Amino acid sequence: MTNSGNAEALIEHGTPAYRRACLALVIASLVVFANLYALHPLLPLIASQYQVSVLQAGNAFTLTSLTLGLALLILGPLSDAIGRRALLLAGLSATALLTLCMALADNFTTLLWLRAALGLALAVLPATAVAYLGDSMSRTALVGAVGLYISGNTLGGAGGRLVGGLIADHLGLQAVFILVGGVSLGAVLLIAWLLPQPRAFCPQPLSLSNVLGNFRRHLGNSALWPAFLLGGLNFLVFINLYTYLTFRLSAPPWALGATALGLLFLTYLGGTFSAMLSGRFGMRQIPKGMAIGVLILLLGSLLTLADQLGLIVLGLLANSFGFFLTHSLANTWVNQHAESAKASATSLYSVCYYLGAAIGIFYLEPFWRLGGWLWVVIGGLLVLLVNLILIAYLYRQQ
């Protein structure tokens with residue numbers, strides 16, 4: 001539901017309420033994506049500490065993405081029925097407590113169960129944030145507010161990995177969970193104080209038949225289902241190239257520690273820039289822009305085949321730029337081509353997006369065993385070629 005209430009009650013750009021709401025959601029983004037991604041550069045450490053394989057260690061990351069994606073199918077409609085703010089605060093509180101509990105995990109199975117539960121808690125942010133802004137902001141304020149929220153997503157992803165690697169190198173894996181969880185708990189109190197009540201929320205009946213009907217219509221829309229696949233396949237390649245690259249660069253001749261591996265994720269900031277540039281593409285230019293993004297991601301992946309660390313980092317910057325350009329434009333495409341129930345369409349895109357992250361490690365693992373990094377990149381390029389075909393199909397739907 002967006003802006004259906006009294007127009008005078010909606011938050012305007014530049015007001016104290018606007019600044020409070022934006023700051024609260026940026027902090028919420030930092031909490032969610034730091035808790036999700038702090039473990040990403042630590043996978044070699046987890047494999048060593050718990051005496052598990054590369055694929056098993058990767059499950060500590062990908063299982064969270066899997067449960068996050070599946071939870072969106074429930075939490076999106078639930079937020080339409082009971083509201084955004086209370087659900088968001090409950091999920092963020094659960095996030096902090098689950099991460100603190102991971103410090104007590106004395107075996108890998110317990111850690112996996114906690115990470116699976118964490119995905120359910122983390123899903124409250126993508127399920128509620130944009131809907132909350134739509135309930136609270138005027139049309140002129142909404143665009144800027146969403147942009148700030150997405151910036152928080154990017155910073156949380158990069159910062160969480162950097163902090164996780166830095167803490168692990170100096171204090172160990174358990175300290176990562178204690179410090180990230182403890183700071184997150186304090187941040188929840190700050191968010192609860194900052195975040196205004198939504199101004200125009202109107203509860204919707206929680207009907208299974210209505211929810212399923214909306215999903216069925218979106219999946220049958222020839223302008224939407226290719227975009228859902230595109231989002232999932234693009235993230236499958238992008239995020240899991242980082243995953244396997246941590247194992248490549250933690251081995252000789254680079255032998256990078258957790259701090260250095262965390263620093264690699266600062267290349268995410270290339271995506272912050274491309275996401276801002278995505279607004280320059282008109283509606284009819286979106287397929288062209290998505291294709292440019294996929295091609296840049298493809299070229300960046302090839303660049304990571306180099307042995308020089310500087311060229312590998314340059315390739316990661318290109319990957320981030322290309323991925324987030326396509327991701328931003330695909331989100332816009334879905335919003336504009338959903339005939340009704342746009343929140344449900346966005347949820348389906350997000351489900352495919354996070355499922356892609358979860359499935360990707362299993363898809364690329366045989367390539368890794370077959371021929372190391374070269375074959376991982378080849379496996380990724382095969383998926384990117386499928387994405388170009390999907391974009392060509394979307395171009396014909398205009």
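Where a number appears in this text, it was derived from the coordinates with a stated rule and is not lab data. All of these numbers come straight from a predicted model, not from anything done at the bench. Note that each Cβ is placed from the backbone with ideal geometry, even for glycine, and that neighbours are counted across all protein chains shown.
Here are some notes:
- Multiplying the residue separation of ASN335 and LEU266 by 0.36 nm and subtracting their alpha-carbon distance yields 21.9 nm.
- Using only the C-alpha atoms, the convex hull of region 193-302 corresponds to 218 Å³ per residue.
- In terms of the mean number of neighbouring beta-carbon atoms within 10 Å, the peptides 381-392, 175-186, 88-99 order highest first as 88-99, 175-186, 381-392.
- Extension gain, LEU206-ARG280: 0.36 nm per intervening residue step, less the Cα-Cα distance, totals 22.9 nm.
- Debye equation applied to the C-alpha atoms of the chain, log10 I(q)/I(0) at 0.08 Å⁻¹: -0.39
- Sorting the segments 9-20, 201-212 by their residues' average number of neighbouring beta-carbon atoms within 10 angstrom, most packed first, yields 9-20, 201-212.
- Taking label positions 7 Å along the Cα-Cβ direction at both TRP193 and SER151, the computed distance is 2.3 nm, reported to one decimal.
- In percent, rounded to a whole number, the relative contact order of the chain is 25, using alpha-carbon pairs under 8 Å and six or more apart.
- Length-normalised contact order for region 219-313 - Cα pairs under 8 Å, 6+ apart - percent: 18
- Net length gained if the chain between PHE362 and TRP254 were fully extended (0.36 nm per residue, minus Cα distance): 36.4 nm
- Scanning the chain for DSSP H helices at least 30 Å long along the axis (C-alpha atoms) with a Kyte-Doolittle mean no lower than -0.5 picks out 16-37, 54-82, 139-171, 173-194, 225-250, 309-337, 342-396.
- At an R0 of 51 angstrom, the distance between the Cβ atoms of ALA9 and GLN51 translates into a FRET efficiency of 0.30.
- Cut-off under 5 Å, modelled amide H: who pairs with ILE11 long-range: MET137, SER138
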